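Single-structure report; data block below.
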Protein chains: 2
Amino acid sequence: MRSVILVQNRIMTSTTLIDYMTTLGQQARAASAQMAKSETAQKNRALLATAAAVLEMQESLLAANQADLDAGRAKGLSAALLDRLELTPARIAAMVVGLEQVAALPDPIGSISELDYRPSGIQIGKMRVPLGVIGIIYESRPNVTIEAASLCLKSGNAVILRGGSEAIRSNAALALCIQQGLRASGLPETAVQVVATTDRAAVHQLITMPEYVDVIVPRGGKGLIARVSADARVPVIKHLDGNCHVYIDVNADPEKAVRIAINAKTRRYGVCNALETLLLEATQANALLPELKRQFDAKGVELRGCEQTQAIIDCSAATQEDWATEYLAPILAIKVVANLDQAIDHINMYGSHHTDSIVTENYSSGRRFLREVDSASVMINASTAFADGFEYGLGAEIGISTDKIHARGPVGLVGLTSQKYIVLGDGQIRES
Amino acid sequence: MRSVILVQNRIMTSTTLIDYMTTLGQQARAASAQMAKSETAQKNRALLATAAAVLEMQESLLAANQADLDAGRAKGLSAALLDRLELTPARIAAMVVGLEQVAALPDPIGSISELDYRPSGIQIGKMRVPLGVIGIIYESRPNVTIEAASLCLKSGNAVILRGGSEAIRSNAALALCIQQGLRASGLPETAVQVVATTDRAAVHQLITMPEYVDVIVPRGGKGLIARVSADARVPVIKHLDGNCHVYIDVNADPEKAVRIAINAKTRRYGVCNALETLLLEATQANALLPELKRQFDAKGVELRGCEQTQAIIDCSAATQEDWATEYLAPILAIKVVANLDQAIDHINMYGSHHTDSIVTENYSSGRRFLREVDSASVMINASTAFADGFEYGLGAEIGISTDKIHARGPVGLVGLTSQKYIVLGDGQIRES
């Protein structure tokens, strides 16, 4: 098995590639049956043994990463990409902490709920089970290898990881640590496999093998996710853009409104839960925009406003395109609306159904916003920055889903599981 | 709007077809926003008004159906298909009862659960919401039009229905009843639309419009479902075959074992939860096969056994292919196995992950079977015939899913919904 895993970057013919991916798929499918019935303690031992292996092999991890960095520099990767690619002792220590945290999470598998009697005398409930085999497609950060593998392992799934070509040596070295952890705990090494070729056709194979792969989780830019979604023959848990809104209602508490708007926009600019368009009811716009501008100016945030906004504060004009844009940058679109209806309509039309918040003290406005805004997370009087698996108490997240099917919002261990029905009887048969 | 709905069977150019399907999609998407916020009482009024309309229009329904039957006979449809196609006063009365039952079910939409505080002070919960727009593709039975529409309506979704071409007049007449019900309760008529062309390309359009359709539910034969799954660009809740097993364990109660095996196979032959392969531990095979054969013979069930089975009772030989076959007929495959492990391996290898039952009085065998058999329904000491939305207490079902993503097993109202996160705060911002 290990020889297959270490093919690494060899040039393959397309037949060889299909054979190779099929082998990975078959091995993953076989391993998933073992994983599904593995005990909690065994999975935790594998996670902690992986943590130990990561520490023990730190030198070789750094060397493999250095080779990736050298190749990346030679290829002219940007400084930002090189930074994402780099492993440091601090980042390795963070991986170890992450593995320990996942080991400490409760095991969702096997949990039985709603075990109720029916008039026929049978008792029906649901048992939580793994999905089976998960394919993860991601870009340059090698720590995703450990994060994704640990969540799949804890949730009783087998996983096939396909990282970015620029991180292939780092990812292969990390895979060795995980396989050492699996071996040490008696779990199949093939439960976690890293695709060892940079050939792009491998991605196409991975997402078109429904017989071996149950779900694909792409992690990366919009381009990657759109490509995967368009071609996949396997269900995709996808996270597209986060065009998030804060709406300051006529009945908002002004102090909360300013605090939340500033935090949602400026806590971090490059994250999917950052505020991108601020909506204000007209009287609130008059009252709050000058103070908001002062604070945004101090943080260097460029403001782009509708006509009514421009009548109150000095800023550039927002176009139709701004309403639909996820800036991921210190730029904020601002629109004045007449009332809650207009705010909800704007969010449902231009938003990306990710995370939207209303600031209000009005009971009915809050209740309507929760019900009518069609987003994965809807909030009252809270910063959109809270939309995150850790903040939501999931312990860790594999991503944030903007889909409605299966999992919506931050996806933790439970999002990587399904439920089956269990029926307990005493010999009952169905008469009619 | 109604003129679009009544295009019915006109020959369209492909551009016209795309325009037509796009219009249906846009109308459904717009209606879904209204449906999502509609109140429970309003949805129930629409269901009851539809029931009234079905009764009131009974004559025209029967006339439309007669025209379909005449056309079907002229086309040479089989007697079985003509029977499925036929509406009778009794079948119309059953539709009315079905509508009343769905109106009486609890409304899942808006239900909030797990609303817990986090250390940050925010309170996080989940609210149940509709999926949006559902596409249903089905074959000849026109009562599916009412069943599927009522479940989608109650769960706050808009739906586009594409029935079999042989039922197009019946389905259009039923759609008029539903639209009358929607109109009477102030809901958008376009919440339920029937595709009014028999052009097969309409199906392709319906399953490749992710911008307008959130999920596809195909209901029909394996061929239909396989075709839809292969081409869809939209998630599919699918039900492939039901190759169900009963395993009689060494510790089975013999009386329960015989009763369950006979019921699971002979209650009805053509249903997906019918028993197809009976597995027996060797000592049980010796003890029970003669009595089982006597009862199956009396019911006219053909038995196909493994070599060990043939050494005990007189029957034809089962081939490898029999283990993988869903007969949907009075034929039963029988295999003798050495122990529980062999039974589980056989089921996971040859089964279709639908419904499988163990007969045993042994605690540990039952517990292992529940955990290790990878099927949508796993049972102890109960007939596989119970795998059904009504028996499970779902009230009604849109189908039985053999997928693991989103919904598994019988899919009722909840399977047509998703959950969004709701966050209640008091002005909290995220510091780090």
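The values are calculated or read from the model by the stated rules, or taken from the named source; none is laboratory data. Remember, predicted model here, so these are calculated numbers, not experimental data. With ideal geometry, Cβ positions are generated from the backbone for all residues, glycine too; neighbour counts draw on all protein chains shown.
Quick notes on this one:
- Comparison of B:Ala318, B:Ala311 shows that the only residue that is surrounded by fewer than 23 Cβ atoms within 10 Å (Cβ to Cβ) and in contact (Cβ under 8 Å) with a residue 12 or more places away in the chain is B:Ala318.
- Helices (runs of 4 or more DSSP H) wholly inside region B:1-119 containing at least 2 residues that are farther than 28 Å from B:Gln205 by Cβ: B:40-56, B:58-75, B:79-85, B:89-104
- The listed residue being surrounded by 18 or more Cβ atoms within 10 Å (Cβ to Cβ), among the polar types (S, T, N, Q) and either over 19 Å from A:Glu397 (Cβ atoms) or away from chain B (no Cβ under 11 Å) (or both), out of A:Thr190, A:Thr198: A:Thr190
- Only a single item in (1) assigned to a helix (DSSP H, G or I); (2) in contact with a strand residue (DSSP E or B) (Cβ under 8 Å, 6 or more places away or on another chain); (3) surrounded by fewer than 21 Cβ atoms within 10 Å (Cβ to Cβ) is not met by A:Tyr327, and it is number (1).
- Only one entry of B:Leu69, B:Leu81 meets the criterion of being modelled with pLDDT of 95 or more, more than 14 Å from every other protein chain (Cβ to nearest Cβ) and farther than 30 Å from B:Met209 by Cα, and that entry is B:Leu69.
For every residue, the table says whether it meets (1) over 17 Å from A:Ala257 (Cα atoms); (2) in a helix (DSSP H, G or I).
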position	(1), (2)
A:Glu276	no, no
A:Leu280	no, no
A:Thr283	no, yes
A:Pro290	no, yes
A:Phe296	no, yes
A:Gly300	yes, no
A:Arg304	yes, no
A:Ala311	yes, yes
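- Unmet criterion (only one of (1) buried (at least 24 other Cβ atoms within 10 Å of the Cβ); (2) out of contact with any Gly (no Cβ under 9 Å at 6 or more places or on another chain)) for B:Asp388: (1)
- Of everything in region A:107-157 that is within 14 Å of chain B (Cβ to nearest Cβ) and among the basic types (Lys, Arg), the residue that is farthest from A:Arg45 (Cα to Cα) is A:Arg118.
- Sub-6 Å Cβ pairs linking a first residue in region A:362-391 that is more than 7 Å from chain B (Cβ to nearest Cβ) and polar (S, T, N, Q) to a second residue that is assigned to a helix (DSSP H, G or I) and surrounded by 20 or more Cβ atoms within 10 Å (Cβ to Cβ), at least 6 apart or interchain, are A:Ser365/A:Leu340; A:Thr384/A:Ala264, ordered by first then second residue.
- Top-ranked residue of region B:97-122 - restricted to ones that are closer than 19 Å to A:Glu372 by Cα and touching a strand residue (DSSP E or B) at 6+ places or on another chain (Cβ under 8 Å), ranked as surrounded by the fewest Cβ atoms within 10 Å (Cβ to Cβ): B:Ser113
- Failed item in (1) within 14 Å of chain B (Cβ to nearest Cβ); (2) in contact (Cβ under 8 Å) with a residue 40 or more places away in the chain; (3) surrounded by fewer than 22 Cβ atoms within 10 Å (Cβ to Cβ), with A:Gln295 passing the rest: (2)
- Residue count for region A:180-218, restricted to those that are part of a helix (DSSP H, G or I) and not charged (D, E, K, R): 12
- Odd one out for B:Val250, checked against (1) over 29 Å from A:Ile122 (Cα atoms); (2) surrounded by fewer than 19 Cβ atoms within 10 Å (Cβ to Cβ): (1)
- Residue selected from region A:392-432 under the condition touching a Phe, Trp or Tyr at 6+ places or on another chain (Cβ under 9 Å) and more than 7 Å from chain B (Cβ to nearest Cβ), by the criterion surrounded by the fewest Cβ atoms within 10 Å (Cβ to Cβ): A:Ala396
- Screening region B:219-269 for residues that are facing chain A (nearest Cβ under 10 Å), part of a helix (DSSP H, G or I) and closer than 17 Å to B:Ser352 by Cα and picking the one that is nearest to the chain's Cα centre (by Cα) gives B:Ser229.
- Region A:36-51, subset among the aliphatic types (A, V, I, L, M) and buried (at least 16 other Cβ atoms within 10 Å of the Cβ), residue nearest to A:Gly186 (Cα to Cα): A:Ala46
Yes or no, residue by residue, for (1) among the hydroxyl-bearing types (Ser, Thr, Tyr); (2) modelled with pLDDT under 95; (3) within 26 Å of the chain's Cα centre (by Cα):
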position	(1), (2), (3)
B:Leu332	no, no, yes
B:Asn348	no, no, yes
B:Asn362	no, no, no
B:Met379	no, no, yes
B:Gly393	no, yes, yes
B:Ala396	no, yes, yes
B:Ile405	no, yes, yes
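- Options B:Val133, B:Val144; residue that is at pLDDT 95 or above and under 19 Å from B:Gln179 (Cβ atoms): B:Val133
- Selection of first residues in region B:83-99 that are free of Cβ contacts under 8 Å to residues at least 40 places away in the same chain and of second residues that are assigned to a loop (DSSP other than H, G, I, E, B), restricted to Cβ pairs under 9 Å at least 6 apart or on distinct chains, gives the following pairs, ordered by first then second residue: B:Glu86/B:Pro142.
- Cβ pairs under 8 Å, 6+ apart, first in region B:15-28 and without any contact (Cβ under 8 Å) to a residue 40 or more places away in the chain, second surrounded by fewer than 20 Cβ atoms within 10 Å (Cβ to Cβ): B:Thr23/B:Val4
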